[in-house]
Amino acid sequence: MDQFTINLLFVGASFALYIGIAIWARAGSTSEFYAAGRGVHPVTNGMATAADWMSAASFISMAGLIAFTGYDNSTFLMGWTGGYVLLALLLAPYLRKFGKFTVSEFIGDRFYSQTARIVAVICLIVASVTYVIGQMTGVGVAFGRFLEVSNTSGLLIGACVVFAYAVFGGMKGVTYTQVAQYCVLITAYTIPAIFISLQLTGTPVPALGLFGDTASGEPLLTKLDAIVTELGFNEYTAHHSNTLNMVLFTLSLMIGTAGLPHVIMRFFTVPKVSDARWSAGWTLVFIALLYLTAPAVGAMARLNITDMMWPNGGIEGGAVSVEAIDTDPRYDWMATWQKTGLLDWEDKNGDGKIQYYNDANADLQAIAEEKGWVGNELTKFNRDILVLANPEIANLPGWVIGLVAAGGLAAALSTAAGLLLAISSAVSHDLIKGAINPQISEKGELLSARIAMAVAIAVATWLGLNPPGFAAQTVALAFGLAAASIFPALMMGIFSTRINNTGAVAGMLAGLVVTLIYIFLHKGWLFIPGTNSFTDADPLLGPIKSTSFGAIGAMVNFAVAYFVAGATKETPQEIKDLVESVRIPRGAGAAQNK
C-alpha cells in the first residue's frame, strides 16, 4: 500500500470519527451550544481544553521553531505553560462562579455597560481571527503534503470539516470531538518521538533522551552544539537573543494565554466552581505530555537533518550529493516536500553537492571561499514542516507518517473549532442578543450563532491563504492582542472594585489599538505584505519585536484604566458587592456557586 493511500485512510477515519461525534452530540439549545449544558466532567473537559489549546502552533510549528533556534525559542514552552497556571489560579474558577456563557458577557455585567460588552466583543474577534489564521496555515501545510493537494484546496477541505462538526454541534459537539482529537494528536506526536529517541539514544522516553548519550557515547546536546557551530549557526543550548525581548515575549504569551476567550469558555462547561479548578489541573497534565516531548523532538530533528545534509561527518567529510538526493530512498522526503513549495535547494556552484551552512556567518566565509562555496544551498526550509516531516526524515514506517498527518490536522482543526465557536458566541449572544435584539428567541439566537460561525469560517479560510508568518509566530501575535486587551479587563474585573465602566472601556481600547498599530507597523497593515514600515529584525522600539509587544499593551491597558477610573465616577455599590461575592468561597448575591 502506497503512502498516499495510508494517509487517506488515517485522515479519513479520523474525520469520520469527528463528524460522527458531532452528529451524536448535536446541540439542541443555546445552553448546549455555548456551554455544553454545563454537564462536562472535569477530566473530559481537561482533555478537550488541552486539544483546544494545543493548536497547530504547538503540534506543527513550535518544535520547528525550537529546532532551528534552540534555547531562545524555549520561550514558547515557558510562556504558554506558565500562562495556563495563571489562568487556573486567577481567572477560571471566578469566571465559572459568575455563571455566564461568554467572556464578553462577564465584562459587560461586571462593568455595567453595553459599551464595555461590545468593546470586549471587538477585542475577542480581533484576537480570535488572528489566531485562526495560524490554524488555517497549519491545515494548509498538513493537507498540502499528506493529501498531495494545493494549499488552497487543503484550506477549503479543512474549512468544510470544521463547518460540519462545529456549526451543528456547538460547544457540546466540539467538546467531545476535541476529546477524540486530543487522543489522536498526542498519540501522533509521541509515537514518532519515541521511535526517534530510541534510534538516537536508546531511550524510549524522549524527554530523557534529550539529555542522554548518542550511540557514540557523546551527549546528544553536546554533539548537536558541535555540529551546528561548525556550520556557522548559533550554539543550540546558549542564549543569544535580547533578554528584555525574551522576557516580554514570555510574559506576553503567559498573560495572553490567560486572556484567550476560546480557552476561558471551556470552564463555563463544568457543573461546579470546584470542577473549574480540577479541569485546569487535568489540562496541565494532558498538556505536559506534549510539552515535555517538544524540546526533544526539536533537538533530535535538527540533529537528523544536519546529519543527512552532511552524511560523512561534517564539513571535512563533504555535503550530500545531488545524486543521493535524487536516488537514495532515505532522501525521498525532500522530493515530496519540495512539491509543496515549503522546501527547496539549489546547486549554486555546480559541484554536484548541496552545502547547508550559515552563509551570513563572517567566520565561515574563509572556509567557504577556500572550498568554492557560493552560499547556503538548502535555500528553503519552512519551520512548519519539521514535525510533519520528522517520521520521513527518520525513515519510520508508513503508518507512523499517516498517524502524524491525522494528528497535525486534529491539532489545527480542534483549536480552529474552539476559536470559531468563541467568535460566533460573541456575535450572537453578546452582540445580537445583548445589544441589538434582546428579545430574540432561543431558536433565533441559535440560528444567528450558526450563521456567524459559517461567516467566520469563510473569513478565516480567506485570511489563512496569506498568513503573516509561521503558524506559531502568527499565533504569538494573537496572544499579544489577547494579553493587551482582554486579560487586564478580566483581572481588574475580578480583583479590583475601583475600576469602573469608563476606565475598563478606555483601557481595553488603548491596549488593543496600541498593540494593533505596533503589529501592523511590523507585519503590514491588515497583514497585507509590503505595507510594513519596520521588521522584527529591526523593530521600532529597540529590541522589542511585534510578537513581544502584548506585554507592553497590557501595561498601557492597566495604566489607562486606573487613570480614567480615578478621574471619573466611582463604581456603584451593587457592583462592588458583586465583585466581592465572586471572590468569596461561598457564593452570595448574583454570583453562582453551583
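The values are calculated or read from the model by the stated rules, or taken from the named source; none is laboratory data. The structure displayed is predicted, hence computed values, not measured ones. As a convention, Cβ positions derive from the backbone with ideal geometry for all residues, glycine included, and neighbour counts pool all protein chains shown. Protein only, heavy atoms only, side chains kept; ligands, DNA and RNA dropped before computing areas. Shrake-Rupley method; radii C 1.70, N 1.55, O 1.52, S 1.80 Å.
Filtered by the rule that a residue be assigned to a helix (DSSP H, G or I) and open to solvent by 10 Å² or more (accessible area, probe 1.4 Å), the range 478-511 gives PHE487, MET491, PHE495, ASN501, THR502, VAL505, ALA506, LEU509, ALA510. Residues in the range 66-78 that are surrounded by 22 or more Cβ atoms within 10 Å (Cβ to Cβ) and either closer than 20 Å to ALA482 by Cβ or among the acidic types (Asp, Glu) (or both): THR75, PHE76.
Among the helices (runs of 4 or more DSSP H) confined to the range 316-401, the ones with at least 2 residues that are hydrophobic (A, V, I, L, M, F, W, C) and under 33 Å from the mean Cα position of the chain (by Cα) are located at 332-338, 386-393.
Just one residue in the set THR283, THR222, THR229, THR243 is among the polar types (S, T, N, Q) and touching a helix residue (DSSP H, G or I) at 6+ places or on another chain (Cβ under 9 Å); that residue is THR283.
Residue by residue, here is whether (1) modelled with pLDDT of 75 or more; (2) closer than 18 Å to ALA188 by Cβ holds:
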site: TYR34; (1), (2): no, no
site: VAL40; (1), (2): no, no
site: GLY46; (1), (2): yes, no
site: THR49; (1), (2): yes, no
site: ASP52; (1), (2): no, yes
site: ALA56; (1), (2): no, yes
site: PHE59; (1), (2): yes, yes
site: ALA63; (1), (2): yes, yes
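Filtering the range 524-545 to residues that are part of a strand (DSSP E or B) and open to solvent by 60 Å² or more (accessible area, probe 1.4 Å) leaves THR535, ASP538, LEU541. Note on the range 68-89: residues that are hydrophobic (A, V, I, L, M, F, W, C) and outside any helix (DSSP H, G or I) total 0.
For the range 203-226, the count of residues that are surrounded by fewer than 16 Cβ atoms within 10 Å (Cβ to Cβ), under 21 Å from the mean Cα position of the chain (by Cα) and not basic (Lys, Arg) is zero. Of all residues in the range 271-289, none satisfies being surrounded by 20 or more Cβ atoms within 10 Å (Cβ to Cβ) and in a loop (DSSP other than H, G, I, E, B). Return yes or no: is GLU580 at pLDDT 90 or above and either touching a helix residue (DSSP H, G or I) at 6+ places or on another chain (Cβ under 7 Å) or not aliphatic (A, V, I, L, M) (or both)? No; evaluated as a whole, the condition is false for this residue. For the range 372-385: of the residues being out of contact with any strand residue (DSSP E or B) (no Cβ under 9 Å at 6 or more places or on another chain) and free of Cβ contacts under 8 Å to residues at least 40 places away in the same chain, which is farthest from ASP347 (Cα to Cα)? By that ranking, first place goes to GLY372.
The residues listed here are THR237, THR250, THR257; of these, the one that is under 23 Å from THR293 (Cα atoms), part of a helix (DSSP H, G or I), of a type in the set (S, T, N, Q) and open to solvent by 10 Å² or more (accessible area, probe 1.4 Å) is THR250.
Pairing residues of the range 419-445 that are in a helix (DSSP H, G or I) with residues that are among the acidic types (Asp, Glu), at Cβ distances under 8 Å and at least 6 apart in sequence or on separate chains, gives SER428/GLU445; HIS429/GLU105; HIS429/GLU445; ASP430/GLU105; ILE432/GLU445; LYS433/GLU445; GLY434/GLU105. Note on the range 93-134: among residues that are outside any helix (DSSP H, G or I) and either more than 19 Å from ARG277 (Cα to Cα) or not β-branched (Val, Ile, Thr) (or both), the one that is nearest to the chain's Cα centre (by Cα) is PHE101.
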